[in-house]
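Working notes, structure below.
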Amino acid sequence: MKPVVIDTNCLLQIIARKSPYRPIWDAFIAGKYQLCASNDILDEYQEVLGQQITPSIAENIILLILNKENVLLIDSHFHMELITSDPDDNKFVDCAFASGADYLVSEDSHFKVLNNIAFSIINLVTLDEFLNTELVKGFIK
């Protein structure tokens, strides 16, 4: 199963029922990829979902994530500090690196610095690019 890290703004887009990116969430629920997250990432998910939707729905989503067998909780000991324009985004990069993620899904322009790092083994993709991977294609209606 391929490990994947999804940034918070992308999570917001994939959980919406009428979103064109909903197949990404459906593929996760079906166990087609392994969602990698750290405690810091889960905290941010809950905080932002609580602000954008409701705290109770945010809590239910976090509980669902935590109870899925295809979730890998990462305790990253690497703090690479590759994103200087928004250091808070580094938790996603560190998680992707520590988990050996096949994909880091983000629409945030701060992550584009990863494309210019010679040793980077992190495959940064947009929602559209991830939607077209073999992991998700079967869930597009």
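How big is region 1-105 in terms of Cα radius of gyration and Dmax, in angstroms?
13.1, 38
Excluding residues on the same chain fewer than 8 positions from Lys137, give the aspartates and glutamates whose Cα lies under 15 Å from its Cα.
Lys137 reaches Asp26, Asp128, Glu129.
Please sort by residue number the GluC sites (Glu not before Pro) in region 13-85 whose DSSP state is loop and whose Cβ has at most 14 other Cβ atoms within 10 Å.
Those satisfying the criteria are Glu69, Glu81.
For Ser76, which sequence-distant residues (separation of 5 or more, or a different chain) have an amide H within less than 5 Å of its own amide H, given hydrogens modelled in the peptide plane?
When sequence neighbours closer than 5 places are left aside, there are no close amide H contacts.
Subtract the Cα-Cα distance of Asp75 and Ile121 from 0.36 nm times their separation in residues, and report this length gain in nm to one decimal.
Gain in length upon complete extension: 14.7 nm.
Starting at the first residue of region 131-140, write each ³J(HN,Hα) from the Karplus equation 6.51 cos²θ - 1.76 cosθ + 1.60 with θ = phi - 60°, in whole Hz, x for Gly and Pro.
Ordered by residue, 3J(HN,Hα) equals 4, 8, 7, 5, 5, 10, 3, x, 9, 7 Hz.
Starting from the Kirkwood Rh over alpha-carbon pairs, what translational D in µm² s⁻¹ does region 1-48 have by Stokes-Einstein at 20 °C and 1.002 mPa s?
Once the numbers are plugged in, D ends up at 192 µm²/s.
Sort Lys137, Lys91 from largest to smallest accessible area, using a 1.4 Å probe on the heavy atoms of the protein chains.
The residues order as Lys137, Lys91, largest area first.
The values are calculated or read from the model by the stated rules, or taken from the named source; none is laboratory data. As the structure is a computational prediction, the values presented were derived from the model and not from experiment. Using ideal geometry, Cβ is built from the backbone for each residue, glycine included, and neighbour counts are taken over all protein chains shown. SASA here: full protein model, heavy atoms, side chains in, ligands and nucleic acids out. Shrake-Rupley method; radii C 1.70, N 1.55, O 1.52, S 1.80 Å.
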